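Visitor: Before I ask anything, here is the structure I am working with.
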Amino acid sequence: MEASIIRHYHNKSISQLIKLATKYFNNFIRQRGTSGGYFTCISCGRTQSISQLNAGHFYSAGAHAVTRFDEDNTWEQCIRCNLHLHGNLTYYRKGLEQKIGLNRLRKLDEKIAMSRHTHFRWDRFSLIEIIERYKSKVL
């Protein structure tokens, strides 16, 4: 990674970098699954206006830092399923099986299982890389 890019973020704390990375990553997730101003919720399957769109995590970003920026773990989800139904996880898992297949879903499960034995922490360079990667992917 270029030194000038790293210097650009030198005054940011880890929590500020996580916030920036989350902003660009979630914007990417929102754009990835929309077409003509609409999206289909991974949990309930309803097609809805993008005004109802959240970047929903199967394994919550707060509890599972290791999958916070994992594209297989994060999909288009309506506000109702994500917030009011607390992820609507039974149907989310079924939606994940359809979207990414059983093998990738098992790898996601394994990633979570492995992370339970370690204390995962984001470092500045990984976060800067995530910020720059998703900033370039967002229109």
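Read-outs throughout are calculated quantities, based only on the coordinates presented, and are distinct from any laboratory measurement. Everything numeric here is computed off the predicted structure, so don't read it as measured data. Note that we place each Cβ from the backbone using ideal geometry, even for glycine, and neighbour counts take in every protein chain shown.
Visitor: Any residue at all in the range 45-68 that's out of contact with any Ser or Thr (no Cβ under 9 Å at 6 or more places or on another chain) and charged (D, E, K, R)?
Guide: No, the range 45-68 contains no residue that is out of contact with any Ser or Thr (no Cβ under 9 Å at 6 or more places or on another chain) and charged (D, E, K, R).
Visitor: Scan the range 108-121 for residues that are of a type outside the set (Phe, Trp, Tyr) and in contact with a helix residue (DSSP H, G or I) (Cβ under 9 Å, 6 or more places away or on another chain) and report the count.
Guide: 7
Visitor: Enumerate the pairs (first residue in the range 68-89 and at negative phi and surrounded by 17 or more Cβ atoms within 10 Å (Cβ to Cβ); second residue anywhere and part of a strand (DSSP E or B) and among the β-branched types (Val, Ile, Thr)) with beta-carbon separation below 9 Å, excluding pairs fewer than 6 apart on the same chain, so at least 6 apart or on different chains.
Guide: From the range 68-89, the pairs are ARG68/THR74; GLU76/THR40.
Visitor: Could you tell me which of the residues SER13, SER49, SER35 is under 24 Å from GLU129 (Cβ atoms) and of a type in the set (Gly, Ala, Ser)?
Guide: SER13
Visitor: Could you give me the residue pairs with C-beta distances under 6 Å whose first residue belongs to the range 103-127 and is aliphatic (A, V, I, L, M), whose second residue is in a helix (DSSP H, G or I) wherever it lies, and which are 6+ apart or on separate chains?
Guide: LEU105/LEU96; LEU105/GLU97; LEU127/LEU17; LEU127/ALA21
Visitor: Which condition number in (1) among the small types (Gly, Ala, Ser); (2) touching a strand residue (DSSP E or B) at 6+ places or on another chain (Cβ under 8 Å); (3) farther than 23 Å from ALA21 by Cβ is the one that GLY101 fails?
Guide: Of the numbered conditions (1) among the small types (Gly, Ala, Ser); (2) touching a strand residue (DSSP E or B) at 6+ places or on another chain (Cβ under 8 Å); (3) farther than 23 Å from ALA21 by Cβ, the odd one out for GLY101 is (2).
Visitor: Moving on. Being in a helix (DSSP H, G or I) and out of contact with any Lys or Arg (no Cβ under 8 Å at 6 or more places or on another chain) is the filter here; which residues of the range 32-52 pass it?
Guide: Result: ARG32, SER51.
Visitor: Next up: Among (1) surrounded by 13 or more Cβ atoms within 10 Å (Cβ to Cβ); (2) out of contact with any Leu (no Cβ under 7 Å at 6 or more places or on another chain); (3) under 18 Å from GLY87 (Cα atoms), there is one condition GLY62 misses while meeting the rest; what is its number?
Guide: Unmet condition: (1).
Visitor: Okay, next question. Of these, ALA61, ALA55, ALA21, which one is of a type in the set (Gly, Ala, Ser) and part of a helix (DSSP H, G or I)?
Guide: ALA21
Visitor: So how many residues does the range 45-58 have that are within 16 Å of LYS99 (Cα to Cα) and surrounded by 17 or more Cβ atoms within 10 Å (Cβ to Cβ)? Before the answer, list the steps.
Guide: Taking the range 45-58 as the starting set, the residues that turn out to be within 16 Å of LYS99 (Cα to Cα) are 45-47, 55-58.
Among the residues that remain, those that are also surrounded by 17 or more Cβ atoms within 10 Å (Cβ to Cβ) are: 55-58.
Result for the range 45-58: 4.
Visitor: When GLU97 is evaluated against the numbered criteria (1) surrounded by fewer than 16 Cβ atoms within 10 Å (Cβ to Cβ); (2) touching a residue at least 12 places away in the same chain (Cβ under 8 Å), which criterion, by number, is the only one it fails?
Guide: (2)
Visitor: Here's a follow-up. Which of the following residues is of a type in the set (Asp, Glu) and in a helix (DSSP H, G or I): ASP72, ASP109?
Guide: On the way: ASP72 fails: in a helix (DSSP H, G or I).
From the options ASP72, ASP109, the qualifying one is ASP109.
Visitor: Same structure again: State which residue pairs qualify: first residue closer than 18 Å to SER35 by Cβ and inside the range 49-65, second residue surrounded by fewer than 19 Cβ atoms within 10 Å (Cβ to Cβ) and basic (Lys, Arg) in any location, beta carbons under 9 Å apart, and separation of 6 or more residues or different chains.
Guide: Hits for this filter: ILE50/ARG30; GLN52/ARG46; GLN52/ARG80; LEU53/ARG30; ASN54/ARG30; ALA55/ARG30.
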